[in-house]
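To start, the structure under review is shown below, and the notes come after it.
Nothing in this text is a laboratory measurement; each read-out follows from the coordinates by a stated rule. Quantities reported herein were computed from a predicted structural model and do not represent experimental measurements. Cβ coordinates were reconstructed from backbone atoms using ideal geometry, including for glycine residues, and neighbour counts include every protein chain displayed.
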Amino acid sequence: MTRAYQNPDVSRRSNLSTVVLVLIGTYGLWELWRAGSSPADSQTIDYLFGIAFVGGAAYGLRQIISDTRDLVLAFDVEPTTGNTVATLWRPFGRQRLEADRDRLTDWRFYVRIGKRNVRTFCLYVTHPDYPRPLQLELRRGLTVSDDLRRLAPEAIGEFERATGASGG
């Protein structure tokens, strides 16, 4: 297998954020415990802090999981057989999806507009064993591998036109 695409930043960033949010949620639980075992005059603020921290951590974890569940960490291709392996992030783990390259369909280029009008360039692909399109984040200046270019020539061409990159 040869590596056609890799984005290790997703795993590091998501795992670090998950650890921080678990610590925040733990602090919130401690505040709730403290509120339950303290005199009545200080319980209100402790309960409010506890609820805010636990709720914020739960919301943050939900956002991380929903934002990164379809992001591909690595995409490997076996040029001779056509087998592919897409690796997705899971909290402190990975999910591997295998398929023949002919079963991967609907390769398309997409630009996500984020906060403050930040553009994130992506390739979307439909995998037969996954319910949503897989997302491969592309950064400006990324050197696209020949294997990925062979799988999605039109989408890579659109990416290069959108970023002003020259084809390889």
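Checking every one of the trypsin sites (Lys or Arg not before Pro) in region 114-168 against DSSP loop status and a limit of 16 other Cβ atoms within 10 Å picks out Arg139, Arg140.
Nearest 500 deg cm²/dmol is fine: what mean residue ellipticity at 222 nm does the chain get from its DSSP H runs of n ≥ 4 alone, each adding -39,500 (n - 2.57), divided by its residue count?
Working: 4 runs with 71 residues, N = 168.
Calculated from helices alone, the mean residue ellipticity at 222 nm is -14500 deg cm²/dmol.
The chymotrypsin sites (Phe, Trp or Tyr not before Pro) of region 105-168 include none that meets both conditions, a loop assignment by DSSP and at most 10 other Cβ atoms within 10 Å of the site Cβ.
Amide H contacts under 5 Å for Tyr5: Phe75, restricted to partners 5 or more places along the chain or on a different chain, H placed in the peptide plane at 1.01 Å from N. The angle between the Cα long axis of helix 9-36 and the longest principal axis of the Cα atoms of the chain comes to about 10 degrees, rounded to the nearest 10.
Amide H contacts for Leu142 (H built 1.01 Å from N in the peptide plane; partners 5 or more residues away or on another chain; cut-off under 5 Å): none found. If you line up the long axis of helix 43-68 against the longest principal axis of the chain, both from Cα atoms, how many degrees apart are they, to the nearest 10? Relative to the chain, helix 43-68 is tipped by roughly 10 degrees.
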